[in-house]
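Here's the structure we're looking at; comments come further down.
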Amino acid sequence: MRRAYFKTSWIAALLLAPQLLIIFVFFYWPSAQAVYWAFTLEQPWGGGNTWVGFDNFRNILSDPYYWSSVRVSLIYAVAATALAMGMSLILAMFVDRQLAGYKAYRVALIWPYAIAAPAVGLAFRFIFNPNAGIFSYVNTVIPGLWDPTQIGWQAVVTIILAGAWKHVAYSFIFFLAALQSIPRSLTEAAAMDGARPLRRMVDLQLPLLTPTVFFLFVINITDSFTDSFGIVDTLTGGGPFRATDLMVYKIYSDGFRGFDYSGAAAQSIILMVLVMALTFVQFRYVERRVHYT
Amino acid sequence: MAEIAIRNAGKTYGKTRIMQDVSLVINNGEFVVILGPSGCGKSTLLRMIAGLEDITDGEIAIGGQVVNRLEPRERGCAMVFQNYALYPHMTVAENIGYALKVAGMPKADRLAKVAATAQSVGLTEFLDRKPGQLSGGQRQRVAMARAIIREPKVFLFDEPLSNLDAKLRVQMRHEIRRIHNQISATSVFVTHDQHEGMTLADRLVVMNKGTIEQIGTPEEVYDRPASVYVAGFIGSPAMNFLPGRVTDSRSAVVLDDGQTIPLVSAIKPAAGQMVQIGLRPEKLTLAPLGGGALAARFEFAEELGSGRLYHLKIEDVPVSVMAAEKHSFVEGQTIGLRFPNDAVHVFDGASGLRLDLHHAPAAALVSA
């Protein structure tokens, strides 16, 4: 790899400055502030704070609402990830087999990734609206069958579907790239050995995809914890009755609706540690995965 | 019985025609080598037999059954790929036994058969390794074993030796021929290496630009090349070509510089016909001038150890001579060339086809 060297270090510093400034202002500063708040009791309207040590954490961890938020976050993360990865794998395999029209599919499947989470949420709000579209019809046939604004598990299903839909595109790109990096002659050899397409998928393509599966699993789980805010906010607002109060959303609602800055700060520290742990797992294992020659 | 009959086969990708009107019958148990430069369609033809490429024109029959619309697994062919195409996540044993596993053979039988096959190609001690831990030659053996274990009717080889070093290549060449003799399947072997073709083949098929130039035993192809193309492709160093015109008496050819080469009576060109005279470097001998010897100008010589390759020119046409004797000529010196009369190949100047093609002995005729 070519590297540029600067004779005077101040040029390098100058070139780095904008990026460092952005990271500092938007990441390190707020993070440091959050750490500080997590250990103090902050007054909602400003005007001083008191050092309270781990009291904020003790309060959160003994709060049943917090644990139900953790539970639904895990359900959401695992279900949305599994659904998104499963769907994208199937779609990628179809595109890889170059069935008719695969070029159009390829473009269409990448699009959702370019759509902002609130827009996805809004779209799904129409789709799952009990009074409009397909579900209004369902509800006329069997009244009250579908209403995510009233029935908790239906609200959870709704955000899972929306979140999975948004993540399909990202996983799809990686799966397709991984599938296309499997030499065609391997598939051909398996075809000569008598394996039908489905058998080849199970015996050949899936095992060779394991590094990609692992990578995407970690990325998708991490994303589900942090990137789900927009979807929850537009689709359910955390309700009904906190049924979809994901960790990231609870931070927002506790902090900015409930004015519990300190509690929200402590929650965000917990979430930050969780994401850092996942990132660590990813760097530690994904980078060293078995690579086949 | 697995005779392969290819009838007027052709291949087009979209509007690009890359192969046309290929007809060839490969007899049961025969070892046929398809030889040609890269891009001549030889691998495509092999893959059409295997079922990995659609047959867009004509038909291919294996053992009397037309296979145009059959899946690869239904054709009873096994294939050895150029890059071996071993399954990287499976052990050697799993690689070799995969076809049997797919076919649903019970595990005990399968393992016994894998062990026996591995033994026959000398892989017993590597059965638990992954392909990534093997050398090129060992991978090649795994690919062979994977093909053998299915006891195929037809064995297809797609340039299987091109990734090996020279010494291993010769060794594997013998191995392939040995295995062919042992299992008595019909083998089709694709290569661009004429030495592989000459040494392995019962019959050679020389292809060029998607058509067959010649079909014959290695000897026939070498002794009676059907066209300028085949003549230039087979033989190393390559055949010399001298353009000339047939005399009015039709018994000799006058070269551009006025020298004449007598023709044997079997060749019947038209008077005044433009021809290409082909002379193999190893059939030419260096001789004193005069007495009917062809005069040529010496340019330089290459040392081969066993002999020398002399580069000369007749007018502006390069001529090379392979000789065991070591002369020290000076550049520009005129030297005489002699050759037996039957070493003269005559090709039509325009079409490049051999003139006495149809006077060939019966055995040389295409059996297709």
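Only the coordinates and a few stated rules stand behind these numbers; no lab work does. Because the structure is predicted, anything quoted here is derived from the model rather than measured. A quick note on method: Cβ atoms are made from the backbone with ideal geometry, for glycine too, and the neighbour counts reach across all protein chains shown.
Values computed for the structure shown
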read-out: Fluctuation leader among A:V141, A:V70, A:V35 - chain A, Gaussian network, Cα springs under 10 angstrom; value: A:V141
read-out: Coil-residue chymotrypsin sites (Phe, Trp or Tyr not before Pro) of the stretch B:144-217, DSSP, other Cβ within 10 Å capped at 16; value: none
read-out: Test item: B:69-76 mean partner chain Cβ contacts at 10 Å; value: 3
read-out: From phi via Karplus (6.51, -1.76, 1.60), per-residue ³J(HN,Hα) for the stretch B:149-161 in Hz, x at Gly/Pro; value: 4, 7, 6, x, 6, 10, 10, 10, 10, 9, 6, x, 9
read-out: Debye intensity ratio in log₁₀ form over the Cα atoms of chain B, taken at each q of 0.15 Å⁻¹; value: -1.22
read-out: Trypsin sites (Lys or Arg not before Pro) lying in DSSP loop within the stretch B:322-356, provided at most 12 other Cβ fall within 10 Å; value: B:K326
read-out: In the stretch B:7-73, trypsin sites (Lys or Arg not before Pro) in a DSSP loop with at most 10 other beta-carbon atoms within 10 Å; value: B:K15, B:R69
read-out: Sequence of B:L286, B:L111 once ranked by neighbouring C-beta atoms within 10 Å, starting from the fewest; value: B:L111, B:L286
read-out: Two-decimal Rg to Rh for the stretch B:145-219 - Kirkwood Rh, Cα set; value: 0.96
read-out: 222 nm mean residue ellipticity, helices alone, for the protein assembly as shown (DSSP H n ≥ 4; -39,500 (n - 2.57); rounded to 500); value: -13000 deg cm²/dmol
read-out: Residue exposure sequence - B:C40, B:C77 - by fewest surrounding Cβ within 10 Å; value: B:C40, B:C77
read-out: Given charges at Cβ of Lys, Arg, Asp, Glu: the protein assembly as shown dipole, positive-most of B:M105, B:C77, B:N208; value: B:M105
read-out: Residue-count net charge about A:Y36 - beta-carbon cut-off 15 Å; Lys, Arg +1, Asp, Glu -1; value: -2
read-out: Zone of A:L61's modelled label, taken as backbone nitrogen in the stretch A:244-271 under 17 Å from a point 7 Å along Cα→Cβ; value: A:263-271
read-out: Burial ranking of peptide ranges A:13-23, B:95-105, A:142-152 (average Cβ count within 10 Å, highest at the top); value: B:95-105, A:142-152, A:13-23
read-out: Exercise: per-residue mean of other protein chain Cβ atoms within 10 Å, A:192-203; value: 6
read-out: Cβ-Cβ FRET estimate between B:S23 and B:A103, R0 fixed at 41 Å, reported to 0.05; value: 0.80
read-out: Sequence ranges B:236-248, B:116-128, ranked by mean other-Cβ count within 10 angstrom, highest first; value: B:236-248, B:116-128
read-out: For the protein assembly as shown, Kirkwood radius (reciprocal of mean inverse C-alpha pair distance, Å); value: 31.8 Å
read-out: Chain A: C-alpha gyration tensor shape, a/c 1.5 cut-off, then a/b vs b/c; value: oblate
read-out: Anchor A:K250: lysines whose Cα lies under 28 Å away (excluding residues fewer than 8 positions away in-chain); value: A:K166
read-out: Alpha-carbon centroid distance for the pair the stretch A:1-79 / the stretch A:248-272, whole angstrom; value: 12 Å
read-out: Percent of Cα-Cα distances greater than 13 Å, calculated over the stretch B:209-271; value: 69 percent
read-out: Residue exposure sequence - A:W67, A:W37, A:W51 - by fewest surrounding Cβ within 10 Å; value: A:W51, A:W67, A:W37
read-out: Proximal charge balance of B:M19 [Cβ under 12 Å; K/R count +1, D/E count -1]; value: +1
read-out: Largest-first ellipsoid semi-axes for the stretch B:228-368, taking √(5λ) over the Cα gyration tensor eigenvalues, angstrom; value: 27, 19, 13
read-out: Net lengthening on full extension, B:K15/B:A116 (0.36 nm per residue, minus Cα-Cα); value: 31.5 nm
read-out: Extreme residue, positive dipole direction of chain B, given options B:N341, B:S187, B:G39 (C-beta unit charges); value: B:S187
read-out: Modelled FRET efficiency - R0 41 Å, A:V52 with A:F24, Cβ distances, 0.05 increments; value: 0.90
read-out: Electrostatic dipole magnitude of chain B [Cβ: Lys, Arg +1; Asp, Glu -1; Cα centre; debye, to 20]; value: 1100 debye
read-out: Label-zone membership for the stretch B:86-118, site A:V202, 7 angstrom Cα→C-beta point, backbone N under 17 Å; value: B:98-107
read-out: Given charges at Cβ of Lys, Arg, Asp, Glu: the protein assembly as shown dipole, positive-most of B:A350, B:L86, A:P143; value: A:P143
read-out: Over chain A, relative contact order from alpha-carbon pairs under 8 Å, at least 6 apart, %; value: 27 percent
read-out: Antiparallel bridges, percent of DSSP beta bridges restricted to the protein assembly as shown (to nearest 5); value: 75 percent
read-out: Inter-probe distance in nm under a simple model that places probes 7 Å from Cα toward Cβ, at A:A277 and A:L74; value: 1.0 nm
read-out: Peptide B:98-105 - average C-beta neighbours from other chains (10 Å radius); value: 4
read-out: For a label point 7 Å along the Cα-to-beta-carbon line of A:R97, residues of the stretch B:45-74 with backbone N under 20 Å; value: B:51-55, B:69-74
read-out: Whether the stretch B:108-185 is rounded, prolate or oblate, judged on the alpha carbon gyration tensor where a/c under 1.5 counts as rounded; value: oblate
read-out: Projected-area average for the stretch B:46-126 over all orientations - Cα convex hull basis, square nanometres; value: 6.8 nm²
read-out: Given charges at beta-carbon only (K, R positive; D, E negative), |dipole| of the protein assembly as shown in Debye; value: 800 debye
read-out: Range in chain A, longest, excluding exposed trypsin sites (Lys or Arg not before Pro) [loop by DSSP; at most 10 other beta-carbon atoms within 10 Å]; value: A:8-287
read-out: Amide H contacts of B:F157 (H built 1.01 Å from N, under 5 Å, at least 5 apart or other chain); value: B:V80, B:V188, B:F189, B:V190
read-out: Calculated FRET value between B:D356 and B:T124, using beta carbons and R₀ = 51 Å, to 0.05; value: 0.40
